[in-house]
Amino acid sequence: MLKYFLFSFSCIITLLLSGCFTAVTKETPVTRDFFAMDTYIKIILYEPDTDNHGNNANNRIAEKAADAAQQEMLRLDGLLSSYNADSEICALQKKSGAVVSEDTAALLTRSVYLHAETGGAFDITLNPVSKLWGFPHGPYRIPEEAEIKNVLSHTGMSKIHWNPDARYFSKAEPQLTLDFGGIAKGYAAEKMAAVLKASHIRHALLNLGGNVKVIGSKPDNSPWRVALRHPDDKDRYLGILSVKNKSVVTSGDYERYFIKNNKRYHHILNPKTGAPSRNGLRSATIICEDCTLADGLSTALFVMGPESATSYWKKNKTLFDFILFTEDNKLLVSGNLIPLLETQLNVTPVR
Ligand code: AMP
Ligand code: MG
């Protein structure tokens, strides 16, 4: 069911985009569809320097680049998954300390930084609490307060020690596990984009279950159009963003959830309470160049809620833009994005 759901979401963006391609160009994109990091992934890319006659040599470049990007994603999935017994992350669960790979090191550094920056909203130690609720794969349940309190007392970023120079990770609690679910897809998108750029690809879109990164423009120099799903209806959009060279990453209460007694319980936890975050937002979308930052911040701003999120943005205006959809159906949009966003909804600009 979840896979179907995620697939539908990917398709919305993809269909919207492929509709645009057919209208504006006869060039055929090279595409890849596959499943990794618990998500359907779509890569769309164009040959470098196409000559409009289907140059075979160039076509091989695009095909090879797509394969290499897919391989890179599968490599990272194998390394970072909290659920694959062979991953580095799972191996770390059994050790009190270890020198870690460059990728894990990069993610640890970014996560520690984001935790400090967002007042603790971003926290990679919550995996045991997620499991209490049954996330990510069920069976779902509502844990007792005392259970949450107990498990929560064994989590927290203060219990991990990270020495980036020595690339040495250690932890104060034996049970502590790392969960890069809030940031790994963004990092993987950056790494795939680097592989494509190294192969001279200039026009590409990577869609990792709603985490979107675009390289350049579409081949005709027009912007890519990225649809933002409405939380209540996978066939409706909050709006469509026109972007070049950007990442567009959304965190929302509709990605993984269950409903009990008419109440929605979703997968993004408030580190202070150990419960699904209920701070007034249905979704938080971050737009900036770096997909790792966009992914980490989308999770963090979702947890922070509209007031803290907008005041955080006001202190960091040059780093990113945002679209927040609130529980009372308001669309709060950072000022720079207004000209790039098509929407039927009333927009509240934030400046
Ligand atoms: P995202 O869809 O990027 O917002 O990531 C959600 C995932 O991040 C969840 O499925 C968890 O694996 C993990 N997660 C949950 N709550 C948090 C949090 N407060 N900070 C960081 N990661 C979290
Ligand atoms: Mg995230």
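Where a number appears in this text, it was derived from the coordinates with a stated rule and is not lab data. Note that the coordinates shown come from a computational prediction; the quantities given were computed from them, not determined experimentally. In this analysis, Cβ positions are derived from the backbone assuming ideal geometry, glycine residues included, and neighbour counts consider all displayed protein chains.
With all projection directions averaged, the alpha carbon convex hull of the stretch 143-185 covers 4.1 nm².
Scanning the chain for long hydrophobic helices, with DSSP H runs required to stretch 24 angstrom or more by C-alpha along their axis and to average at least 1.6 on the Kyte-Doolittle scale, returns 2-24. Taking the inverse of the mean 1/r over every pair of distinct Cα atoms in the stretch 60-208 gives a Kirkwood hydrodynamic radius of 16.9 Å.
Centroid-to-centroid, using Cα positions, the stretch 273-337 and the stretch 126-159 are 24 Å apart. Where does the Debye-calculated log10 I(q)/I(0) of the stretch 136-213 sit at q = 0.15, 0.19, 0.24, 0.27 Å⁻¹, using only Cα point scatterers of equal weight, no solvent? Listed by q, the Debye log ratios stand at -0.83, -0.98, -1.12, -1.21.
Determine the alpha carbon to alpha carbon distance for each of K218/K317; K171/K191; K159/K263 and list only those over 29 Å. Please list the in-between numbers first.
Numbers: K218/K317 27 Å; K171/K191 27 Å; K159/K263 32 Å.
In this structure, K159/K263 exceed 29 Å between Cα atoms.
Remark: the chain is approximated by an ellipsoid whose semi-axes, taken from the C-alpha gyration tensor as √(5λ), come to 33, 25, 18 Å, largest first. What percentage of all Cα-Cα pairs in the stretch 266-320 are separated by more than 15 Å? Here the long-distance tail beyond 15 Å is 45 percent of all Cα pairs in the stretch 266-320. Taking each DSSP H run with n ≥ 4 as -39500 (n - 2.57) and averaging over every residue of the chain yields -12000 deg cm²/dmol at 222 nm. Applying the Kirkwood pairwise sum to the alpha-carbon positions of the stretch 195-258 produces a hydrodynamic radius of 12.9 angstrom. Descending by average beta-carbon neighbour count within 10 Å, the peptides 35-42, 184-191, 255-262, 169-176 line up as 184-191, 35-42, 169-176, 255-262, the highest first.
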